[in-house]
Amino acid sequence: MGVFHFKQFDVINERSAMKVNTDGVLLGAFTEVLPSDRKVLDIGTGTGTVALMVAQRLSELNPDFEIHAIDIDAPSAGEAASNFESSPWKGHLLSFNSSLKNFDRDDEYDLILSNPPYFDNSLQAPQQRRNAARHTGVTSVTEEESLSYRDVLEYSQKHLAPSGRVALVLPADQEKALLRHARMCGFVPWKLLRVRTVPRKQPSRVVVRFVRRGQPVTCVEEEFTLMNEAGKRTTYPSPLDHYLLDA
């Protein structure tokens with residue numbers, strides 16, 4: 001059985017179209033949670049890793065929270081549900097097999113997160129489910145429209161609480177397009193993290209946290225490097241230490 005072990009929970013990593021990956025772990029670790037967060041939405045949950053990471057920290061802040069996790073891929077949503085059920089926070093996590101377009105609820109969310117598909121121009125993986133999980137504009141096994149960061153921002157425009165936040169992780173070369181579309185949807189960046197794999201390389205990922213326009217914030221820009229030149233995980237303190245077992 002493929003299992004990924006975190007400090008406080010385990011993730012079965014077999015049926016989901018997208019496995020536990022660095023992007024999701026970065027999103028879950030570097031996205032701030034607040035004591036006032038009561039409703040959270042994880043869009044494109046896969047194995048449920050990001051939702052579980054958020055649940056771990058929210059449980060330390062308040063006992064009254066609920067996390068909804070959706071995925072268009074039925075095996076992924078089922079695996080997330082199994083991972084939620086075996087976690088310490090099973091009463092706070094709900095998994096839904098749904099596209100974002102069909103996730104029609106009246107809930108207003110304090111935090112919306114997504115690690116959306118992003119390989120618009122890359123070669124597609126051979127498996128159809130993996131295509132749908134990795135590429136924008138690719139139909140899934142249910143022939144629903146695939147997810148993009150534009151969809152996430154437009155959904156958040158309607159369903160985010162006035163003082164809520166949206167957090168996404170994307171390749172660094174999509175930063176400008178992401179910020180531009182966010183502005184069109186009425187969002188401004190609150191915190192922007194550029195991630196390098198090793199010190200000598202340019203950033204490969206960006207984790208951006210948005211708030212609605214009009215909030216009294218100034219964008220904080222930061223950088224984080226995953227590994228040293230020897231390929232070992234960096235040892236300086238970071239939010240990842242809260243989750244990952246010692247290397």
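The values are calculated or read from the model by the stated rules, or taken from the named source; none is laboratory data. What you are looking at is a predicted structure, and each value in this text was computed from that prediction instead of being measured. Neighbour counts are summed over all protein chains in view; Cβ atoms, including those assigned to glycine, are modelled from backbone coordinates with ideal geometry. Accessible surface is based on the protein model in full, side chains and every heavy atom, while ligands, DNA and RNA are left aside. Shrake-Rupley method; radii C 1.70, N 1.55, O 1.52, S 1.80 Å.
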Those trypsin sites (Lys or Arg not before Pro) from region 15-108 that are DSSP loop and have at most 13 other Cβ neighbours within 10 Å turn out to be 101, 105
Candidate cut points under GluC sites (Glu not before Pro) in region 188-247, DSSP loop plus at most 16 other Cβ atoms within 10 Å of their own Cβ, are 229
Out of 147, 93, 34, a Gaussian network model of the chain with alpha-carbon springs under 10 Å gives the largest mean-square fluctuation to 34
Between the alpha carbon centres of region 52-95 and region 221-242 the gap in Å comes to 26
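How big is the dipole moment of the chain about its Cα centre under a simple scheme where the beta carbon of each Lys and Arg is +1, that of each Asp and Glu is -1, and everything else is neutral? Debye, nearest 20, please.
Details: 29 positive and 32 negative charges, 161 e Å.
Roughly 780 debye for the chain.
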Cβ-Cβ cut-off under 11 Å around residue 163, Lys and Arg +1, Asp and Glu -1: the net charge is -1
Computed over region 38-100, the relative contact order (Cα-Cα under 8 Å, seq sep at least six) in percent reads 40
Counting only residues 5 or more apart in sequence or on a different chain, those whose built amide H sits under 5 Å from that of residue 148 are none
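How much length is gained if the chain between residue 150 and residue 32 is pulled fully straight, taking 0.36 nm per residue apart and subtracting their Cα-Cα distance, in nm to one decimal? Kindly include the intermediate steps, with their values, before the conclusion.
On the way: separation 118, 0.36 × 118 = 42.48 nm, distance 2.17 nm.
Result: 40.3 nm gained on full extension.
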Candidates for Kirkwood radius over Cα pairs in Å are (1) 19.6; (2) 18.1; (3) 19.1, and the calculated one carries label (2)
Per the helix-only model, the chain has a calculated mean residue ellipticity at 222 nm (DSSP H runs of ≥4, -39500 (n - 2.57) each, divided over all residues, rounded to the nearest 500) of -7000 deg cm²/dmol
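Can you tell me the accessible area per residue over the chain, all protein chains present, probe 1.4 angstrom, in square angstrom? Walk me through the intermediate numbers first.
Numbers: 11640 Å² over 247 residues.
I get 47 Å² per residue for the chain.
Relative to the compact-globule scaling 2.2 N^0.38 Å, provide the ratio for the alpha-carbon radius of gyration of region 157-200. List each step's numbers first, then the result.
Values: Rg = 12.5 Å, N = 44, 2.2 N^0.38 = 9.3 Å.
This ratio for region 157-200 stands at 1.35.
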For residue 104 and residue 220, extending 7 Å from Cα along the Cα-Cβ vector and measuring point to point gives, in nm, a value of 4.0
Comparing 44, 164, 28 in a Gaussian network model of the chain (Cα, 10 Å), the one with the largest mean-square fluctuation is 164
